[in-house]
Every structure is written in structure tokens, then in C-alpha cells.
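Values in this text are rule-based calculations from the coordinates and carry no lab data. Note that this is a predicted model, so its numbers are computed, not measured. With ideal geometry, Cβ positions are generated from the backbone for all residues, glycine too; neighbour counts draw on all protein chains shown.
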Amino acid sequence: MNTIPTDQLLNQLNWRYATKQFDPQRKISLPDWTALEESLVLTPSSFGLQPWKFVVVKDAALRERLVPVSWGQRQVADASHLVVFAIKRDLKEQDIDAFLNRITVVRGVSRESLGGYREMMVGSLLQGRDAGGRRNWAANQAYIALGNFLTSAALLGIDACPLEGIEAAKYDEIIGLGAQGLATVVVAAAAAKRAPLEVLAAPPREGAPLRSE
């Protein structure tokens, strides 16, 4: 396994900044974007279920329609790529079964051997929570994916910005997620480089110190 030096990791994380202004002309290369997409696919989640869908909004006119429902934040229109992190509105048994069926294919195990695992997931997610509880659980998983995306972008030297200041229901309407049984949680904009003035605006880091007990 190849690893990166610790100073390189910390340098890139210190370089990372929630970019407020993107240059629309600066596009992410195809190899870099392919790697970022794969980082999303590889994101860990509780039970491994990955109860999300990542929607890359490419249509420029559609992205302009999202600006007013994003508190006027131009990143959603100007960035090279815009990713909407959506979740299933209500996880069901068929979602768990589809996940287990994929495990049998990928790992070459029998479905019968996963019976106990299925029972645990059904008990925890379906019997132990109501629909609102399942949505909250799924939204928490989506934030794991967001963190993985932002860290991966930083390691590649790609600027990104998470945006919670959005009208999620309007996103669902404009993009058509509601009809697919999906709900927007958060979005992220990314581009090859921040705009020149943004480089000067990046403030010093003020992360909270770790506390040891």
C-alpha cells in the first residue's frame, strides 16, 4: 500500500478552504473528476448500505435556476461541477435486500449466510425507527460522503465548497428528485482553482484544538 507523507496530508488540509468565488472558466480535468466520483462510491456508511444518490447537475440553465434557492450563492452556477447529495425518503426492506444481493455477487457468498445481518439491519433501521428517524439516519450518512468528497478534493488540489444554505425542497422540485423518492440534504461545488481574488481572501485556519482527557 502506498501512503502519502504526513506533512503532505496536513499541508493539503490546511490549504483547503470553503471557496466562495469560482472562476467559471476553470474546469476540473476528466481524470481528476473521475477520481472524485470514485471517492464518493468508496465512501463508508453504516452497515455499508450507502442510502444516498449523488446527482451531478451539468445543465447550465438548471444551475442558474438553483441560485435563487441557494441564498443567491453563485458557486452553484459558476463552479466546474455541482454535486447534490440526496437520500432515499424512506428506506424499505427491498433496499436492504438489494444491498444484500449485491454482497452475494461481489463477495461470492450465499444469501443464506447473510440472514443474521439482514435481521440486524431490519431490526435497527426499519423496526427500531419511524420514517423520520430513518431520514435522519440517512442524512447523517450523506454527510460522511460530503466529508470524504471535500477531503479527496483537497488532496487533489481541487477547490470545493459545501453549501447548506439552500432550499432543499426547491432543489427537489427543480431537479426532479421528489418523483424519484429522493430528498436533497446538502450540495457541494467544486472547481480546478479558486478565482484570483479568492486566493487573497482565504483566511488563516481557526480549527478548534483537540482536547485530551
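Selection of helices (runs of 4 or more DSSP H) fully inside segment 1-82 by the criterion of at least 1 residues being surrounded by fewer than 11 Cβ atoms within 10 Å (Cβ to Cβ) and among the hydrophobic types (A, V, I, L, M, F, W, C) returns 6-15, 30-41, 60-66. A count restricted to segment 159-174 and to residues that are of a type in the set (A, V, I, L, M), closer than 16 Å to residue 54 by Cβ and touching a helix residue (DSSP H, G or I) at 6+ places or on another chain (Cβ under 7 Å) stands at 3. Scanning segment 141-171 for residues that are in contact (Cβ under 8 Å) with a residue 60 or more places away in the chain and not in a strand (DSSP E or B) yields a count of 21. Answer yes if at least one residue in segment 84-95 is loosely packed, with under 15 Cβ neighbours inside 10 Å, out of contact with any Lys or Arg (no Cβ under 6 Å at 6 or more places or on another chain) and over 30 Å from residue 150 (Cα atoms), and no otherwise. Within segment 84-95, one or more residues are loosely packed, with under 15 Cβ neighbours inside 10 Å, out of contact with any Lys or Arg (no Cβ under 6 Å at 6 or more places or on another chain) and over 30 Å from residue 150 (Cα atoms). Please go through segment 98-132 and pick out each residue that is closer than 18 Å to residue 50 by Cβ, touching a helix residue (DSSP H, G or I) at 6+ places or on another chain (Cβ under 9 Å) and among the small types (Gly, Ala, Ser). Once the filter is applied, which keeps residues that are closer than 18 Å to residue 50 by Cβ, touching a helix residue (DSSP H, G or I) at 6+ places or on another chain (Cβ under 9 Å) and among the small types (Gly, Ala, Ser), segment 98-132 yields only 124. Do we find that residue 154 is under 30 Å from residue 26 (Cβ atoms), buried (at least 21 other Cβ atoms within 10 Å of the Cβ) and of a type outside the set (S, T, N, Q) in this structure? No.
Remark: pairs (first residue in segment 52-75, touching a residue at least 60 places away in the same chain (Cβ under 8 Å); second residue acidic (Asp, Glu) and surrounded by fewer than 16 Cβ atoms within 10 Å (Cβ to Cβ); Cβ separation under 7 Å; 6+ apart in sequence or on different chains) = 69/167.
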